[in-house]
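Shown next, in structure tokens, is the structure this report addresses.
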Amino acid sequence: MGPVALDGIELERLSMRYALALLLALVLPSSLLAQEFFVDVKVQAPQVQTNDRQVFTNLESSLRNFVNQQAWTQVSFEEKEKLRGSMVFTISDYEPGTGLMKGNMQCQFARPVYMTDYQSPSLFFQDGDISFTYRSNEVLDFSPGRHSNNLTSIVAFYCYVALGLDAASFSTQQNNYFSQAQIVAANAASAGAGGGWDRFTSSRNRFWLIEDLTNPANTDFLTAWYDYHRKGMDRMYDPKQQMAAKEAIATALLSLKAIHTRQPNIFVLRWFFDTKTDEIQQVYGDGPRYQNEELITALKAMDATNASKYLNMGR
């Protein structure tokens, strides 16, 4: 099956979008270009004993502005095209004297589905190795080419990964957002910024997240990612196409078996199913009945943690 054809209106809209993006890139500084995210940011520190709790409120506000008001690309996003998501920082240790904070972060992102109000989850990840320094009213500085602050590097990394996953779900052509995330990760690792950037401290961290996405051995994953969304989810709006959409999603999921056979514990499949399990159940639980025993068997093997959820799928 070839790429899904865009109708004339969508082609015209996309052409105008990228033409306008090129024009804006030529005449405007990047700080004035349209923003790409609508992300809710929360900072909580329920176990931290301190009189200076305002610092967490200030951090939350600064991070929300940093993510949502910065121009991360030179592409103009319409309001309905913005990536939705959330970042929840849970601070477990805080040193007021130095501003050092440690804890974890849960991030979620989603991409809009064509002709619907539904947001398809694109990344769900619990990052358990967060450490950075922050003082109230500190300006959050970030430059893609250098590591200056672990806080902004961590947040920028996930923003670039989310942009890369969004772009990869709409086109099979390479995008530079994964490369940007890789640069951020490499610079942070070179600066000794913490374990989350290191390949040896964990097999499920920032290093392996971007390593798996950019490793040529895993190109089948990005092909499946595109097919799942563009040939599948973006056709679910039309009752006449729903069965074909379910078949396309099943084909995409089954294609992941090759990666699982080669490397059963690869991180890219773990976060994929953490992100997509509930959606997969929803796809095959609603609309025209689609039953595929091969798919159920494959999902139970690839996503053993959630195997019980697939038992009655499509029945």
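Tabulated results
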item: Gain on full stretching of the segment that runs from residue 53 to residue 138 - 0.36 nm per residue minus C-alpha separation; result: 29.1 nm
item: Cβ-based exposure ranking for 41, 184, in which fewest neighbours within 10 Å come first; result: 41, 184
item: Partner aspartates and glutamates for residue 276 [C-alpha distance under 12 Å; skip if fewer than 8 residues away on the same chain]; result: 303
item: Bins of 10 Å from zero: percent of alpha-carbon pairs in the range 99-221; result: 12, 42, 33, 11, 1
item: Label point distance in nm, residue 312-residue 68, each placed 7 Å from Cα along Cα→Cβ; result: 4.0 nm
item: Largest-first ellipsoid semi-axes for the range 194-315, taking √(5λ) over the Cα gyration tensor eigenvalues, angstrom; result: 28, 15, 12
item: Rounded tilt (10° steps) of 293-302 against the dominant C-alpha axis of the chain; result: 20 degrees
item: Zone of residue 35's modelled label, taken as backbone nitrogen in the range 72-101 under 14 Å from a point 7 Å along Cα→Cβ; result: 72-73, 77-80, 82-87
item: Estimated FRET transfer efficiency when R0 is 45 angstrom, pair residue 282-residue 98 (beta carbons, to 0.05); result: 0.45
item: DSSP beta bridge pairing in the chain, given as percent antiparallel to the nearest 5; result: 75 percent
item: Relative packing of 108-121, 161-174, which averages over residues the other C-beta atoms within 10 Å, highest first; result: 161-174, 108-121
item: Most to least packed among 307-314, 253-260, 84-91 [average Cβ atoms within 10 Å]; result: 84-91, 253-260, 307-314
item: In degrees, nearest ten, helix 8-27 long axis to first principal axis of the chain (Cα); result: 20 degrees
item: Gyration tensor (Cα) of the chain, equivalent ellipsoid semi-axes in angstrom; result: 34, 25, 18
item: Cα-Cα over 27 Å, subset of 42/257; 246/300; 102/300; 42/80; 102/309; 82/102; result: 42/257; 102/300; 102/309; 82/102
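Bear in mind these aren't lab numbers, they're just calculated from the coordinates by the rules spelled out. Since the structure is predicted, the reported quantities are computational estimates derived from the model, not experimental observations. Counting neighbours? That spans all protein chains shown, and the Cβs are built from the backbone with ideal geometry, glycine included.
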